[in-house]
1. Take each uninterrupted DSSP H stretch in the chain, measure its Cα extent along the helix axis, and return the ones at 15 Å or beyond whose mean Kyte-Doolittle hydropathy is at least 1.0.
2. For the chain, modelled as a Gaussian network with Cα springs under 10 Å, which listed residue fluctuates most, 61, 23, 161?
3. Can you give the local net charge around residue 22? Use residues other than it whose beta-carbon is closer than 15 angstrom to its beta-carbon, Lys and Arg +1, Asp and Glu -1.
4. Please identify the longest segment of the chain free of exposed trypsin sites (Lys or Arg not before Pro), where exposed means a DSSP state other than H, G, I, E or B and no more than 10 other Cβ atoms within 10 Å.
5. Under 13 Å from the Cβ of residue 102, count the other residues' Cβ atoms, weight Lys and Arg +1, Asp and Glu -1, and hand me the total.
6. Is the shape of the stretch 67-161 rounded, prolate or oblate, going by the alpha carbon gyration tensor and its root eigenvalues a ≥ b ≥ c, with a/c under 1.5 for rounded and a/b larger than b/c for prolate?
7. Taking H placed 1.01 Å from N in the peptide plane, check which residues at least 5 places from residue 38 or on another chain put their amide H under 5 Å from its amide H.
8. DSSP loop chymotrypsin sites (Phe, Trp or Tyr not before Pro) in the stretch 52-96 with at most 15 other Cβ atoms within 10 Å of their Cβ, which ones?
Amino acid sequence: MKKLNKKLAAVDIAECAMFAALMVAGAYIKIPFPVVPITFQTVICVLAGLMLGWKKGGIAMAVYCFMGVIGIPVFASEPYGGIYYVLKPSFGYILGFILAAMAAGLVKGKEAKSPLWRYFLAAAVAFIVNYAIGIVYFIAVYQLNGYEGLGAAVVSNVLCMPKDIVLCGLAAVLAWKVNPVIHKQKIKLKEPDKENTVQTEN
């Protein structure tokens, strides 16, 4: 049983690390756009919640956020990291990633074979959470810093939505297809330990 717990813990850590790494990659794969660059981080965040669950998905996003705040250059725009990044209007989206991943996992539920509509609903809720937090934070910091052109800046945020809506929908389909396969692999991981336990008892 101890070996099984260690295996599962190692898998959990690896999954969280993988999605944190994907967020870093997503930050560097970006399309130039006024004020806020277009990245693929929102869809990775949604996938984290749908595939890892609310707890591990949130942890993976929190690890990514922490990496950037302590100075590791993992964010999408200059200065790419550091505590002062919290004063950037776009930092709200990074905070939003944590709650969005958790929202996706909570709405999707623990069942690996949840219906497709639940995956779509979870992705939609995560999308709304991320943008709600991101835009509110964006407006607050924008006004606090006394920047001009708030209306145009908010519009540039809104223009990113269609791309993320489509990608979140694709993420829902991908997670719906892949999750049952991953679930079966985890069951197989447990089976050898169960057999060993039975043999030991005999």
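Please treat every number below as a calculation from the coordinates, not as lab data. Not measured: the values here are computed from a predicted model. With ideal geometry, Cβ positions are generated from the backbone for all residues, glycine too; neighbour counts draw on all protein chains shown.
1. Passing helices, by number: 41-69, 91-108, 116-144.
2. 161
3. +1
4. Here the longest segment lacking exposed loop sites spans 1-109.
5. Taking every other residue near residue 102 into account, the sum is +3.
6. Here the stretch 67-161 falls in the oblate category.
7. When sequence neighbours closer than 5 places are left aside, the close amide H contacts are 31, 33.
8. Counting only loop positions with at most 15 other Cβ atoms within 10 Å, the chymotrypsin sites (Phe, Trp or Tyr not before Pro) in the stretch 52-96 are 80.
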